[in-house]
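To start, the structure under review is shown below, and the notes come after it.
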Amino acid sequence: MESTPKNLKARWEELKQAQPHLRIRNAADSLKVSEAELLATRCGSDEVTRLLPAFKEILQEVESLGKVMALTRNNDVVHERKGVYLNASLDNPHVGLFVGEDIDLRIFFKSWDSAFAVTDTVRGKDRHSLQFFAKDGEAIHKIYLTAKSNLDKYQALVSKYRHEDQADLQTVHAWDETVEEHPDENIDVAAFQEGWVNLEDTHDFFGLIRKHKLTRTQALRLAPAGNYAIKVNPQAFRKVVTLAAERNTPIMVFVGNKGMIQIHTGPVKKLLDHQDWFNIMDPDFNLHVKEPHLKDVWVVRKPTKDGVVTALECFDAQGNQIVQLFGKRKPGIPELAAWQEIIAEVEKETTLQESVNV
């Protein structure tokens, strides 16, 4: 049978009857389509409105909505943060920013392709959101209204950016940014290690990796001798978060996908387990981590002008970074001693092997 929006919608309805609590992302996986394609089958109804691809203009107006919930996820980690979108900086062609104490984002527009306004019914109440998708139909970022949001401003925004095309078909295109790993013997390891040792800013690390044509996990394997990169047991993630909560040590939690990085800065308190998911469930910050999918976890240290900056970097089985932890810090301020103590304790307990140091 030819796949059409009509029969896709019918298949989705049938799936919802069988599994009424199934989320749209999981439904799309089950139906072997993208989330954007599935969502688009509801275009033209009161539930879904396709918006113009005026992403920067839409985001520039999100502050007017007041307190909302920002959601960014990948396959294995979901990051939800409530707050107001403040201090937008969207003119840079490579990366856009929101830099507030609550909503802190790094936006990579080159993969962005479509946007929708969505109204779902959850426990008998309407839930309104703005949802943004990549060229392959995968969700990049979602903005949900809260009880403290301005619904009138939301409705005005949706009306202003409503697309003329409200067809129930969404075209998607493959989008694969996978970097092929070159053999270690083809890498100038000495030059790479020298560059690492002489770093002055953590943001320069990405450029160093790209210069030497390394994947992220390969770079960690080839780290300089010493404690620059130490591979630890995946349980290290849970242990670090738990100690941070117990000791009231504020942390930074980075979660990203091809088009967005979302950051929480502050303490974490309420930790819960649910099936395979390890969760932080605080009033304004929720994190959901599919713990069995944490395959490679590293303690990573980078020198800077402000002293050493220490991260816990977590990767899936394909080598994609899915979540990253730091101690709370700002440029010009040394790393928290309490964070360094937590990392040192967990590192001692969970170290698997050191880097290759060839």
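The values are calculated or read from the model by the stated rules, or taken from the named source; none is laboratory data. The structure presented is a predicted model; accordingly, all values stated were derived computationally and were not measured. Using ideal geometry, Cβ is built from the backbone for each residue, glycine included, and neighbour counts are taken over all protein chains shown. Heads up: the accessible areas ignore ligands, DNA and RNA and are worked out on the full protein's heavy atoms, side chains in. Shrake-Rupley method; radii C 1.70, N 1.55, O 1.52, S 1.80 Å.
Values for this structure:
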item	result
Cα lying deepest toward the dipole's positive end in the chain, options Gly332, Val99, Thr350, charges on Cβ	Val99
Restraint check, Lys148/Lys239; Lys125/Lys148; Lys9/Lys160, Cα-Cα greater than 24 Å	Lys148/Lys239; Lys9/Lys160
Positive-end extreme of charge dipole, the chain - chosen from Val232, Gln218, Ala115 (charges on Cβ)	Ala115
Charge dipole magnitude, Cβ of K and R +1, D and E -1 - the chain, Cα centre, debye nearest 20	780 debye
Lys/Arg +1, Asp/Glu -1 at C-beta; the range 150-276 dipole; positive extreme among His173, Val189, His163	His163
Å² per residue, accessible surface of the chain at 1.4 Å	50 Å²
Using distinct alpha-carbon pairs, which all enter the 1/r mean, Kirkwood radius of the range 250-358 in Å	15.3 Å
Dipole magnitude (debye, nearest 20) for the range 32-144, charges at Cβ of Lys, Arg, Asp, Glu	180 debye
Percent of Cα pairs exceeding the 25 Å cut-off, where the set is the chain	57 percent
Local electrostatic count, Ala236, Cβ distance below 12 Å [Lys/Arg +1, Asp/Glu -1]	-2
Mean-position separation - Cα centroids, the range 163-201 and the range 224-256, in angstrom	24 Å
Accessible surface of Arg25 - all protein chains present, 1.4 Å probe, nearest 10 Å²	30 Å²
Heavy atoms of Glu57: accessible area, 1.4 Å probe, square angstrom to 10	100 Å²
Residue-level accessible surface for Lys82, protein heavy atoms, 1.4 Å, Å²	70 Å²
Among Val300, Val78, Val179, residue whose mean-square fluctuation peaks in a GNM of the chain (springs only between Cα atoms under 10 Å)	Val179
Charge dipole (debye, nearest 20) of the range 1-98; +1 at Cβ of Lys and Arg, -1 at Cβ of Asp and Glu	240 debye
Sulfur and carbon atoms: percent of accessible area, the chain [1.4 Å]	49 percent
